[in-house]
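Peer 1: Before we start, here is the structure in question, set down as structure tokens.
The values are calculated or read from the model by the stated rules, or taken from the named source; none is laboratory data. Remember, predicted model here, so these are calculated numbers, not experimental data. Cβ placement follows ideal geometry from the backbone for every residue including glycine, while neighbour counts extend to all protein chains displayed. Ligands, DNA and RNA are stripped out before the accessible areas are found, and what is left, the full protein with its side chains, is counted by its heavy atoms. Shrake-Rupley method; radii C 1.70, N 1.55, O 1.52, S 1.80 Å.
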Amino acid sequence: PTQTTYIFITVLLGLLKRQKPDMLVVAMDSKAPTFRTKIYSEYKANRPPMPPELPAQIDRIEQILEAMKIPVLRLDGFEADDIIGTLAKKASKDGIDSYICAKDKDMYQLVDDHTYIFDIKKGEVLNDDALFEKYKIHPKDFLDVLALQGDTSDNVPGVPLIGEMNAVKLIQQYGSLDNLYEHAEEIKGKRGENLRKFKEQAYLSKELVTINRS
């Protein structure tokens with residue numbers, strides 16, 4: 001099987017040709033359990049096993065990256081997102097601009113004056129202003145939104161019956177998860193009931209979606 005290898009390398013070569021980055025690194029997940037699994041044993045528990053045709057292709061991708069002298073980073077106990085976040089934080093501190101090629105909304109929390117999300121398919125750069133224009137909240141607030149809405153792909157529970165739209169509205173209105181819970185009695189109906197009932201679950205979810213940048 002070669003489809004995944006072909007797509008990855010084609011996209012990579014296109015990125016190198018069009019964007020001409022000064023530096024480039026690829027982060028990958030480790031096979032070892034992460035600190036998130038220790039916090040919440042059901043984290044990512046609903047994901048199906050890796051398709052049998054993928055492992056050999058990942059090995060081939062790593063061989064190609066090695067031949068191209070592009071570093072591949074992975075660290076037991078952490079996810080690729082944590083590696084990306086740590087590198088972006090260090091680069092930002094040194095005044096270096098980073099462009100993260102990932103579509104996960106988890107990554108929005110990393111956006112700052114020197115860190116951007118780059119949509120390879122559309123060729124678009126998402127910064128603080130672009131994200132605020134689209135969602136009416138700043139990147140730093142996406143953590144609180146994800147804490148409320150959860151993430152089915154990673155089995156992050158969130159608060160039942162909130163969902164993305166309501167999570168965004170609540171954070172827009174109250175500014176933060178902490179302030180929301182200071183005024184939780186103001187939220188009426190089943191959503192308000194769930195919000196109060198699943199407070200610990202909301203904060204657990206925030207811990208799970210927080211990218212470790214230490």
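Peer 1: Filter segment 73-123 down to residues that are among the basic types (Lys, Arg) and modelled with pLDDT under 95 and give me whichever is most open to solvent (accessible area, probe 1.4 Å).
Peer 2: Taking the candidates together, the pick is Lys121.
Peer 1: Out of the residues in segment 13-46 that are part of a helix (DSSP H, G or I) and in contact (Cβ under 8 Å) with a residue 12 or more places away in the chain, which is nearest to the chain's Cα centre (by Cα)?
Peer 2: Only one residue tops the list, namely Arg36.
Peer 1: May I pose another question? Is segment 117-128 home to any residue that is over 25 Å from Ser92 (Cβ atoms), among the aliphatic types (A, V, I, L, M) and part of a loop (DSSP other than H, G, I, E, B)?
Peer 2: No; the residues of segment 117-128 include none that is over 25 Å from Ser92 (Cβ atoms), among the aliphatic types (A, V, I, L, M) and part of a loop (DSSP other than H, G, I, E, B).
Peer 1: Now for a separate question. For segment 156-168, how many residues are free of Cβ contacts under 8 Å to residues at least 40 places away in the same chain and out of contact with any Lys or Arg (no Cβ under 6 Å at 6 or more places or on another chain)?
Peer 2: 8
Peer 1: Identify all residues within segment 169-192 that are open to solvent by 90 Å² or more (accessible area, probe 1.4 Å), among the charged types (D, E, K, R) and free of Cβ contacts under 8 Å to residues at least 12 places away in the same chain; write none if there are none.
Peer 2: Of everything in segment 169-192, those that are open to solvent by 90 Å² or more (accessible area, probe 1.4 Å), among the charged types (D, E, K, R) and free of Cβ contacts under 8 Å to residues at least 12 places away in the same chain turn out to be Lys169, Glu182, Glu185, Glu186, Lys188.
Peer 1: Within segment 129-168, how many residues are among the polar types (S, T, N, Q), surrounded by 15 or more Cβ atoms within 10 Å (Cβ to Cβ), in a loop (DSSP other than H, G, I, E, B) and out of contact with any Phe, Trp or Tyr (no Cβ under 8 Å at 6 or more places or on another chain)?
Peer 2: 0
Peer 1: Might you check whether a residue that is open to solvent by less than 90 Å² (accessible area, probe 1.4 Å), modelled with pLDDT of 95 or more and farther than 15 Å from Met28 by Cβ occurs anywhere in segment 57-66?
Peer 2: No, there is no match, as no residue in segment 57-66 is open to solvent by less than 90 Å² (accessible area, probe 1.4 Å), modelled with pLDDT of 95 or more and farther than 15 Å from Met28 by Cβ.
Peer 1: When segment 1-10 is examined, which residues are found to be under 17 Å from Ala67 (Cβ atoms) and either open to solvent by less than 50 Å² (accessible area, probe 1.4 Å) or outside any loop (DSSP other than H, G, I, E, B) (or both)?
Peer 2: Across segment 1-10, the qualifying residues are Thr5, Tyr6, Phe8, Ile9, Thr10.
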